[in-house]
1. If we count GluC sites (Glu not before Pro) as exposed when they sit in a DSSP loop and have at most 12 other beta carbons within 10 Å, what is the longest stretch of chain B that avoids them all?
2. In debye to the nearest 20, how big a dipole does the protein assembly as shown give about its Cα centre with +1 on each Lys and Arg Cβ and -1 on each Asp and Glu Cβ?
3. Would you please give the residues with an amide H less than 5 Å from that of B:Ala296, counting only those at least 5 places away or on a separate chain, with H modeled from the backbone geometry?
4. B:Lys229: which lysines have alpha carbons under 24 Å from its alpha carbon, excluding same-chain residues fewer than 8 sequence positions away?
5. Just how large is the dipole of chain B about the Cα centre, in debye to the nearest 20, putting +1 at every Lys and Arg Cβ and -1 at every Asp and Glu Cβ?
6. Find the relative contact order for segment B:264-349 and round it to a whole percent, using C-alpha pairs within less than 8 Å whose residues are 6+ positions apart.
7. Find the centroid of the Cα atoms in segment A:203-251 and in segment A:98-132, then give the distance between the two in whole Å.
8. Rounded to the nearest 500, what is chain B's calculated 222 nm mean residue ellipticity when only DSSP H runs of at least 4 contribute -39500 (n - 2.57) each, over all residues?
Amino acid sequence: MKRRTRYGSMIVLLTLFGWLWALTVSANVLVQCPGDTNGDGISEDPNIVCRSITGGDGYTTMADGLGLYIFSFGDADGVPADRVIADLTLKAQLPAPTIVLKQGQELYLTMTNVGMAVRPDLFDPHTVHWHGFPNAAPIFDGLPEPSPSANMGNSMTYYYNAVVPGTYFYHCHVEAAEHMQMGMIGNLWVTPKQDGTSIGGFTKFAYNDEDGSTGYDVAFPLLLTGFDSFFHIASDTVQALPFAAMFDEYPMINGRGYPDTINPNDILNQEGFGAQKIPSLITATAGQRILLRVSNISTTHQYTFATTLGVPMKVVGRGAALLRGPDGKDTSMTVNVLNVGGGQDYDVILDTSGVAPGTYFLYTTDLANLSNGDQERGGIMTEIVINPL
Amino acid sequence: MDRIGKQHHIRVVLLIGALLLFFGTGAQGAIVGISGNSFNLVAKQDVIVTSDGDSTIIWGYAVTNAGGETGRAQYPGPTLIVIEDVPVTITLSNELPNESGNASIVFPGHQVTATGGVDGLMTQEARQAHLKPTNAEKQVTYTFTPTEPGTYLYRSGTRADLQVEMGLFGALIVRPAATPAGGDPAKKYAYNHVDSEYDREVLYLMSETDPIIHRQVEERQWNLIDFTKYFPTNWFINGRNYPDLLAENNVPWLPTQPYNCQPRMHPGEKLLIRFIGAGRQTHPMHFHGNDFETIAADGRLLSSAPGAGPDLAWQATTIKSIPGQTADLVWGWTGKELGWDIYGHSPEDPLEPYEYAPNHGKPFPVVLPPRDAVTYGAFYSGSPFLGGEGELPPGHGGLNAAGGYFYMWHSHTEKELTSNDIWPGGLISFMIVEHPDVPID
């Protein structure tokens, strides 16, 4: 580990005791899950999905070994309400726990603000913003300005009727430039009703295309983001935050820079916790169709990517919408390079027919972002392994 | 949030409160600008204020009125609203400070005839006063006939790296000459096709500044200006940062920044967003609340064939504002399929306009946390329902007395939600969907 601040850990020890004591007095954690009759946090109604996450802080390890302080969401699924704060303090994950729904399901998402143990001087609320949710209402939009946001030690349950399939993502919207730079971002998608039917030789689809054009065999999320290490260190060491100077130099896929992107294991942080749980190795059998759910949540950068497969990328969805005109005209795009701005998401299909088995790369063509800080051959890159039939 | 940020936030909230007091019942549904076919502009230096509390030197186009009086420079320049097929004449004089360069305007997308002034690289230019121009050199005249309705940008064609950074740009809107075939003369259309219909419109003209460049201009340190080190830290919609852009148009305390950005509408209406990248950065603008549909780019409907209408339109919630590019988006919101009644109706209540009937009377799905467990945002009415109201904590400004639904429309390069290192600011705006009973204009 290249750098490690004891500062934060000292504060944790000094403050956790008094602070958690205070929370046991004032905590208001209520995990809401209709249809959960046995208290395991899972609804007995298959149409209702209950998820429990936390908003708080933690640590990550960059691919060059640098430890960085983060804010993010932790995974509290199945954790009893009275244990959420005690068990999940300092257990933020990068990216946040992935949320996958089937079209038509209802999501009851409880977010408990466990506080920032390393920064007890912060009393920030947290929220969940489902980015791209159509016809959203402010109460569940996670914007702190027109809604309530959960204070430390308290929870709020968000409700979403997931009727529009597609690739989305979610993030905290409190002081978004800060909380998103700090890592409060996660994958989220909704699979279409068409799944399970057989069209054009496929049973899984990105959208309800009715012609199999978005059919795929294997799917992978690629959540692009980046960290500005100076910003994270400033936050960790209780310094003024450099908003104007913010500039990501740790570009990542699903919270990891290459070669950690292909590491199948959790990446451990300085506390020994595996905060970075999502590898991005893409594997398929020759001839299969790969769906990439690509989004960019960097607070400073747009990212452009390509592959070395030698086959083009077919862009079939954008912004959680099938690429079709208002009268159904096919507006999908066949490209070799795709630029993804912050807040954009795309569904991309790679047809590996005719691709020789072997190892290929998916990489950013903004070559400066192939780095982990000042370490070369890192950043936004992962491997695509095509196995023989 | 650090402590300085918190104090600033309180000041911002107070400022918003003060600004909201001035919200009138002006024409919220139309873009403010100057209409006609003859405009007299002057390039001048002036000052704008930014929401970090600073003030910045800018160069802008000022308007000379029919009485011969020239106003202050505007950031951005005046929004010119013209009619398809009606010839337009624009004169430009140059009152920029010495060493700023000549002044000019280019109108991308139009075939312009320029007369007078002196020869420039891209067009005729109005010569600088200290160079003692002849009368003919002092003023340049641009004429063109806008043949295609749509949204356009105009900007300086002289030393554009510096002059555009300094603020010499503006919006040009070309309205259709007639109601399109099959259209309703009582309705509004952006293009010559019925599928470009809208109820209200709003301008989103994005720009940015690097305060260091502006300081160097102010101090006349011309030799120090270095665009290889360009690093903007202030961002604007229609020439103002958040929260200044919430204030009314033409407020007296922003004399060089006349245009606001405060769209409001009712459920079911169609809002036309005229979207212009006037600066040099790309901004991925994200629209909370619902998908938009992009029906046109660079003043042309996204059509597969002439007359086909916007059949290649695409929907999303984020669109990149590309430097020099324009787009027209249509946005609407009804709250359909939310799974609960946004009005909090009982089943026997009558339906509101555009209400999604299958949700009528459906109960609110969760128990909200008690008041002290949460922080109420400045625009929260205290109720989750559209047009609702609820108990607010002491000290809350009550800025959403009508219970409107606020949606942030903002850059998703989130560092741009700051004004020169101060959060919040920059590229934040709010759309307000008002209860059908709340009058808007």
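1. Numbers: sites that count: B:Glu69, B:Glu99, B:Glu219, B:Glu348, B:Glu391.
Formally, the longest exposed-site-free interval is B:220-347.
2. On the way: 48 positive and 86 negative charges, 267 e Å.
Dipole magnitude for the protein assembly as shown comes out near 1280 debye.
3. Those qualifying (amide H under 5 Å, at least 5 residues apart or on another chain) are B:Leu302, B:Asp328.
4. Qualifying lysines at Cα under 24 Å: B:Lys320, B:Lys415.
5. Numbers: 28 positive and 48 negative charges, 211 e Å.
Once rounded to the nearest 20, the dipole reads 1020 debye.
6. Working: 148 pairs, mean separation 36.1, N = 86.
Answer for segment B:264-349 is 42 percent.
7. 16
8. On the way: 4 runs with 38 residues, N = 441.
My calculation for chain B gives -2500 deg cm²/dmol from helical runs alone.
The values are calculated or read from the model by the stated rules, or taken from the named source; none is laboratory data. On a predicted model such as this, the values are computed, not experimentally measured, just so you know. Note: ideal-geometry Cβ built from the backbone for every residue, glycine included; neighbour counts use all protein chains shown. Heavy atoms of the whole protein, side chains included, go into the accessibility calculation; ligands, DNA and RNA do not. Shrake-Rupley method; radii C 1.70, N 1.55, O 1.52, S 1.80 Å.
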